[in-house]
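The next block holds one structure in the form of structure tokens; read it before the comments.
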Amino acid sequence: MMKAGDVAAMPLPLGGYGACQVGGIGADGWATVCTLDWYSAVMPALEDLASAGPLVLTHHGWPKWPERPEALRVDLSVPPPPDLVWLGWMPVLPGVPQETNAYGVWESMPSSVVHQRRWDLQVPADARAAYGEPVQDPVVVDLGDGPRTLYATVPDLDLPPHLPRFRWPALDALPCLTALRHSGPDRGLTEALTARPLIDRLTWNDPPGTVDLSTTHLTTLTISGTGLRHLRLPPGLMDLRLTGEPPETVEAAEDGRWIELTMTSAAGTVPSGLHGVRELDLHVAGDLSPVTLGALTGLESLHLGWSRPYGRLLDTFDPGRFPRLHTLRLTDAYGIDATFLPPSAASLRRVSVDGIRRSQAGLLKTRYRGTPVHVTVRGAKSDAWLAANVDNPLRDWVDDDERAGAAACKAYASAVRAVGRLSAGDPATVAAARPILRTLVEKLNGIEERYEIIDTLRREQAADAFFDLAQRAGIPDSQAAGWFDEWRDF
């Protein structure tokens, strides 16, 4: 049983080890865990950490809270990551808090160490100083499309499309800029990123066939569109998100070992050059064979999510193919057969499912009963409920509030039927669709007023559902967006 003073070594993204210590155990089932100010290339021994103190974050905006240890309240009902190495017990170190009001998860602590080290070792002192004390007045920025007035503290920026070349020095007026969104050819983007270590996040839509970002300082990269064939990545990249058609080949440090890969792929095939990934978040539209992932022999954490109902696993997980797999998560797994999931192999420790047929949920729990595998099942639904609602984009609201979720599903289903009765291509369809869409939003307003269920995620889900219906009725996106923002109260 975990107790105050327990110390664990944490494998870090990009290699090496950090450490954390349990500062206190609450009677409410939560623990306070503090990240220690420690890095070593090899796993530390317990005695190595006797002089370590708590990690105090200073990167980016954290200097606003000086001397605040990086400590989190974590839920003890959720097991810590299986790759933590528990070193033993020592008295709680000086400065390690026994309690905190900051809630979080174990998995976020290693990245805190890495981001602080990057700030200290890679970001120049003048860039750190400018970030900490930016000009508070608006500044004029002209990237080549005409002057724009922005606040110097803006953290992210959409680059204007269709310009043949940017005036990249204009970015120097934005000392807090850490993220860019870009579309189309390079147009000097790579060179500009290389010269600016503070910019560590990039979203690139419709890139050219070959992209070389190896000299940049990116930690997070999102690529969308088709046509990319060859991608070179910087050694410090930790988060790669590929939507649309993935590249044919990728060049990455250690075959992608340090990258958390998120993919949307019809076939589920990981590009050549990323077969060393340890963490994969794969979204598929239909059936999937685990055999297609067989080259990922170092896989430790796998998340499979289905975007269409009743996607299946076509064959069983062979534990011999994934000897290091310790965490398996499934989302919207309404078509799976629980007997196809991996057995309780030596490495498997956590199975988490969000969205499953109720009949399969029982089989899943039985499969791992009496084993070291911790099982979490959420969103189990009956076959009858799924038959009526599996295509409803608001179906998962019922998992948190049955009455609110049922009302939301009913409101959307009514709107779908009404839009379906309209004549495609009829000029009167837009006018006829307007009251249908407004009624949907007003019903959602009422659900929020009564149940207070619509948070940021559900607002996005409601918006996606609304815009999909608007597109079916031939309503322009800009007009639909205006209606949605005008009518909604959530």
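The values are calculated or read from the model by the stated rules, or taken from the named source; none is laboratory data. Just so you know, these numbers come straight off a predicted model, no measurement behind them. Note that each Cβ is placed from the backbone with ideal geometry, even for glycine, and that neighbours are counted across all protein chains shown. Each accessible area value is taken on the protein alone, full model and side chains, heavy atoms only, with ligands, DNA and RNA left out. Shrake-Rupley method; radii C 1.70, N 1.55, O 1.52, S 1.80 Å.
Couple of notes before you dig in:
- Taken over the range 130-153, the criterion of being closer than 17 Å to Thr178 by Cβ and acidic (Asp, Glu) is satisfied by Glu133 alone.
- Test: residue in the range 441-456 that is more than 30 Å from Arg378 (Cα to Cα) and in contact with a helix residue (DSSP H, G or I) (Cβ under 8 Å, 6 or more places away or on another chain): no
- Complete set of residues in the range 462-480 that are open to solvent by 50 Å² or more (accessible area, probe 1.4 Å) and assigned to a helix (DSSP H, G or I): Asp464, Phe467, Asp468, Gln471, Arg472, Asp477, Ser478, Gln479
- When the criteria are applied in full, Val56 fails the requirement of being surrounded by 15 or more Cβ atoms within 10 Å (Cβ to Cβ) and touching a Leu at 6+ places or on another chain (Cβ under 6 Å).
- Of everything in the range 296-317 that is of a type in the set (Phe, Trp, Tyr) and not in a strand (DSSP E or B), the residue that is nearest to Arg395 (Cα to Cα) is Tyr310.
- Given (1) surrounded by 16 or more Cβ atoms within 10 Å (Cβ to Cβ); (2) at pLDDT below 95, index of the condition Thr316 fails: (1)
- Scan of the range 345-381 for residues that are modelled with pLDDT of 90 or more, open to solvent by 40 Å² or more (accessible area, probe 1.4 Å) and outside any strand (DSSP E or B), ordered by number: Arg349, Arg358, Ser359, Leu363, Lys365, Thr366, Arg367, Arg369, Gly370, Thr371, Pro372
- Residues of the range 6-47 that are acidic (Asp, Glu) and either within 26 Å of the chain's Cα centre (by Cα) or buried (at least 17 other Cβ atoms within 10 Å of the Cβ) (or both): Asp6, Asp37.
- Residues located in the range 278-295, provided they are assigned to a strand (DSSP E or B) and either farther than 19 Å from Leu14 by Cβ or touching a helix residue (DSSP H, G or I) at 6+ places or on another chain (Cβ under 7 Å) (or both): Leu282, His283, Val284, Leu288
- For the range 149-200, filtered to residues that are touching a helix residue (DSSP H, G or I) at 6+ places or on another chain (Cβ under 9 Å) and part of a strand (DSSP E or B), the residue that is surrounded by the fewest Cβ atoms within 10 Å (Cβ to Cβ) is Leu150.
- Any hit, the range 94-105, residues being among the aromatic types (Phe, Trp, Tyr) and open to solvent by less than 20 Å² (accessible area, probe 1.4 Å): no
For (1) more than 34 Å from the chain's Cα centre (by Cα); (2) within 14 Å of Ala462 (Cβ to Cβ); (3) acidic (Asp, Glu), each residue gets a yes or a no:
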position: Arg395; (1), (2), (3): no, yes, no
position: Arg403; (1), (2), (3): no, no, no
position: Ala408; (1), (2), (3): no, yes, no
position: Ser414; (1), (2), (3): no, no, no
position: Arg417; (1), (2), (3): no, no, no
position: Arg421; (1), (2), (3): yes, no, no
position: Val430; (1), (2), (3): yes, no, no
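- Criterion: loosely packed, with under 15 Cβ neighbours inside 10 Å and part of a loop (DSSP other than H, G, I, E, B) - qualifying residue of Pro342, Pro323: Pro323
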